[in-house]
Amino acid sequence: ETFFTPGDPNRFETTFADVGGMDELKEEIRLKIIYPLQYPDLYKAYGRRTGGGILIYGPPGCGKTLVLRAVAGEVPCNYLSVGLHEIFDPYFGSTERNLHQIFETARANAPCVLVFDDLDSLAQDRRNVRESQLRNLVNQFLHELDGLRENQRVLVIGATNQPWALDPAFRRPGRFDQAIFVQPPDALARTQIISLLAKDKPISNLDVPTLVDATGGFSGADLKWVFDRAAELALSAAIHTGQPVPITMELLLNVARSHAPTMNSW
Ligand code: ATP
């Protein structure tokens, strides 16, 4: 569980600028929690409330966790992030009470963003958790979301890799009614991610468009792997030759070509 007030010195410094692509999601988050705090009169005039629910879904490695961290660096209000796996308690009723407490904390600290990075934990195939327990937790979660319907100024963001395993009741109006697909980065998003990954690294003759072309289907995590692996190989050469060896474009391309993107089965 992570809780930050706006001025917290430990607050994540990651911001939306560190996340390639996801323009739609970034704007949705601004619309639901950042702009309302900046333009309260406009929101009043248009009859729009602060907060609500956003569901983020998509294959692993495309930056869901990263963008949720960036929300902490971006929003000018309290931030509470909770792993559902942390609140599971075998004692009857405790898990629901824990969840209620979390929503209470968010409400008491409104305006607040409440983040659940692992809604997958609500899927039916969980080991060690009885189906009835899971059902109770799902019901409690739905109940808590309904309780936020009036203008309680809490934005709940949930992320999952398995949207099909989530009870469709979560998608009803007033709950996670905004669902955003975080997909493998397109060419423009890969351009941004590659530029971010290349920053502060000893890379010679970097040619972003060529690298973008060579990495179709790669997730952000795959791109990061290419840069990490190329850096490791150049570093190894530097150690063995005793002189600085830059990360060359050829090396990056070779590493990229030898790498099979990881998400094809999603
Ligand atoms: P999982 O569902 O497995 O948690 P995820 O979608 O949350 O996957 P992340 O863990 O956020 O993916 O991504 C892994 C790493 O890949 C990030 O820490 C980051 O370094 C890099 N990465 C992924 N997507 C992006 C992106 N859009 N912009 C910049 N970096 C990215």
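The values are calculated or read from the model by the stated rules, or taken from the named source; none is laboratory data. Keep in mind that what you see is a predicted model, and the values were worked out from it rather than measured. Cβ: placed from backbone, ideal geometry, glycine included. Neighbour counts: every protein chain shown. SASA here: full protein model, heavy atoms, side chains in, ligands and nucleic acids out. Shrake-Rupley method; radii C 1.70, N 1.55, O 1.52, S 1.80 Å.
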Query raised in the report: Which of (1) in contact with a Gly (Cβ under 7 Å, 6 or more places away or on another chain); (2) closer than 30 Å to A123 by Cα; (3) among the aliphatic types (A, V, I, L, M) does I193 not meet, given it meets every other one?
Result: (2)
Query raised in the report: Considering region 187-217 alone, what residues qualify as being more than 15 Å from the ligand (Cβ to nearest atom) and among the small types (G, A, S)?
Result: S204, A214, G216
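Rundown of residues vs (1) modelled with pLDDT of 95 or more; (2) hydrophobic (A, V, I, L, M, F, W, C), yes/no style:
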| residue | (1), (2) |
| --- | --- |
| R135 | no, no |
| G147 | no, no |
| N151 | no, no |
| G158 | yes, no |
| L188 | yes, yes |
Requested in this report: Please go through region 128-163 and pick out each residue that is under 18 Å from I54 (Cβ atoms) and part of a helix (DSSP H, G or I).
Outcome: F141, L142, E144, L145, D146, G147, P163
Requested in this report: Go through region 218-236 and give me each residue that's touching a helix residue (DSSP H, G or I) at 6+ places or on another chain (Cβ under 9 Å) and away from the ligand (no atom under 16 Å from the Cβ).
Outcome: L233, A234
Query raised in the report: If a residue has to be open to solvent by less than 30 Å² (accessible area, probe 1.4 Å), part of a helix (DSSP H, G or I) and of a type in the set (F, W, Y) to count, how many in region 164-199 make the cut?
Result: 1
Report summary line: Flagged in region 49-72 as more than 20 Å from R171 (Cβ to Cβ), open to solvent by 60 Å² or more (accessible area, probe 1.4 Å) and more than 16 Å from the ligand (Cβ to nearest atom), in numbering order, are none
Report summary line: Over region 13-33, the set of residues part of a helix (DSSP H, G or I), out of contact with any Cys (no Cβ under 7 Å at 6 or more places or on another chain) and surrounded by 22 or more Cβ atoms within 10 Å (Cβ to Cβ) is L25, I29, K32
Query - Unmet requirement for T210, which otherwise passes all of (1) of a type outside the set (D, E); (2) part of a helix (DSSP H, G or I); (3) closer than 30 Å to I29 by Cα - result: (3)
Requested in this report: Identify, by number, the condition in (1) surrounded by fewer than 18 Cβ atoms within 10 Å (Cβ to Cβ); (2) within 17 Å of the chain's Cα centre (by Cα) that L80 doesn't meet.
Outcome: (1)
Query raised in the report: Just wondering, is there one or more residues in region 101-110 that are within 18 Å of N151 (Cβ to Cβ), over 19 Å from the mean Cα position of the chain (by Cα), small (G, A, S) and open to solvent by 50 Å² or more (accessible area, probe 1.4 Å)?
Result: yes
Query raised in the report: Residues of region 229-250 being part of a helix (DSSP H, G or I) and open to solvent by 40 Å² or more (accessible area, probe 1.4 Å), which ones?
Result: R229, E232, L233, L235, S236, I239, H240, T241, E250
Query raised in the report: Which residue pairs have Cβ atoms under 7 Å apart, sit 6 or more places apart or on different chains, and have a first residue in region 85-106 that is on the phi < 0 side of the Ramachandran plot and part of a helix (DSSP H, G or I) and a second that is surrounded by 12 or more Cβ atoms within 10 Å (Cβ to Cβ) and of a type in the set (S, T, Y)?
Result: H85/S121; I87/T95
Query raised in the report: Within region 203-250, how many residues are free of Cβ contacts under 8 Å to residues at least 24 places away in the same chain and among the aliphatic types (A, V, I, L, M)?
Result: 7
